[in-house]
Amino acid sequence: MDDILKYDKFKQFDKLIHGTTLKNDIFPHMFSFAFHTGEDIKEISKNRSYLLEKLGIDKDFDIVLANQTHSSNILVINNAKTLGWKNHDDAVEDCDALITNQKNILIGILTADCVPILLFDKTKEVIAAVHAGWKGTKAEILLKTVQKMSETFNSNPKDIYAIIAPSIGACCYEVGSDVADNFGQNVKKQLSNDKYILDLKMENYNQLINAGLKSENIEASQKCTSCDNDRFFSYRKEQGCSGRFLSFIGMK
C-alpha cells in the first residue's frame, strides 16, 4: 500500500519534497502523525522517523510544525530549527500557516477533515503550508498567506503554485446556519431548515484566485476524507478520531 500521496503540479519541480501521508495499517495508529491526541508518543515518533527516512531527509532537514488553533496567524520562518517534530511542547504556538524561503526545512499541516494547502513560488523559491478549517477559511488565512509571501519575499502570485490537499468535501460537510451564514451562496447549498452543505475547498480555491494565482497553477484534490476514510483520517466520519495525516512541503 502507498503511504504518501504526491501531486502532479509539484512533481515538475525537482527541488521540492512534498506529499500527504495516507492511512496504513502496518504502522502504529494507522500511520497517524499527531502528538496532541493521546496516542503513545514513542509510537507516533516511529511514524515520523519512517517518513523522513523514506523521503531521504532524516539527516539533512529541520522540520517545523505548529500548534494549530483555527486562527489566521502566520509565521515566517527565517532560521533553521526543528520545532514541534520531536515533541509537541516546542511547536509554533497559536499558528495555522507557515512560510519560509529557507532550504532544507520541511513544513507541514496536520488534518483530519480541514483543508490543507501547500504553496510554492517557483521564482522567489518560497514555500508555505496552510491549515484552513471553517474558521480559518472565514478569516481568509489562505489569501493572507499569499499576501504575506508577496510582502515578505516580493512573490508574484502568478508565480505561485498551489495544492489543495484532501479534505472533507461538499458531498459530506453538513453544517448549521451558524457556520453557513459566514459564507456566500456560491459555496453552500441549503438542505432543509437550518442545515447546509458547505464547500470549503471551493472557498479556498476562490481565495487563491482572488489573491492573483492562475487557475492552471492550482491543483485541487477531489478526494473527500469522509468518503475515502480507508485512506484518510476523518474526524466526522470516525466520530471524533484521534488520527491526523500530514501534508508537507520542503525545498532541497
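Sort 121-129, 50-58, 141-149 for me by packing, meaning the mean count of neighbouring Cβ atoms within 10 Å per residue, highest on top. Let's see the in-between values first.
Values: 121-129: 21.3, 50-58: 15.3, 141-149: 23.3.
Peptide ranking by packing, descending: 141-149, 121-129, 50-58.
Rg/Rh for region 75-130: what does it come to with C-alpha atoms and Rh from Kirkwood? Before the final figure, lay out each step's value.
On the way: Rg = 11.6 Å, Rh = 12.1 Å.
Result for region 75-130 is an Rg/Rh of 0.96.
Note down the relative contact order for the chain as a percent, whole number, built from C-alpha pairs under 8 angstrom at least six residues apart.
Relative contact order for the chain comes out at 24 percent.
All Cα-Cα separations within region 26-67 were binned at 10 Å from zero, giving a P(r) of 28, 52, 20, each value a whole percent of the pairs. Helical runs assigned H by DSSP (4 residues or longer) give the chain a calculated mean residue ellipticity at 222 nm of -6000 deg cm²/dmol, each run adding -39500 (n - 2.57) before division by the residue total.
So which of K86/K223; K124/K237; K135/K223; K9/K54; K11/K223 end up more than 28 Å apart, counting from Cα to Cα? Working shown, then result.
Details: K86/K223 30 Å; K124/K237 40 Å; K135/K223 21 Å; K9/K54 21 Å; K11/K223 19 Å.
Beyond 28 Å between Cα atoms: K86/K223; K124/K237.
Remark: spin-label model distance D94-K54 equals 3.5 nm, labels positioned 7 Å along the Cα→Cβ axis. Between N193 and Q222, the FRET efficiency estimated from the beta carbon spacing at R0 = 25 angstrom works out to 0.30.
Take every DSSP beta bridge whose two residues both sit in the chain, then give the antiparallel share in percent to the nearest 5.
Numbers: 36 of 49 bridges.
Within the chain, antiparallel bridges account for around 75 percent of the total.
With coordinates expressed along the principal axes, the C-alpha atoms belonging to region 164-232 extend over 38, 32, 13 Å, beginning with the largest.
Structural size metrics of the chain, computed from C-alpha coordinates, are Rg and Dmax of 17.1, 55 Å.
Every number in this text was worked out from the coordinates using simple rules, so none of it is lab data. Values in this document were obtained by computation on a predicted structure and should not be read as measured data. All Cβ positions, even for glycine, are placed from backbone atoms using ideal geometry, and neighbour counts span all protein chains on display.
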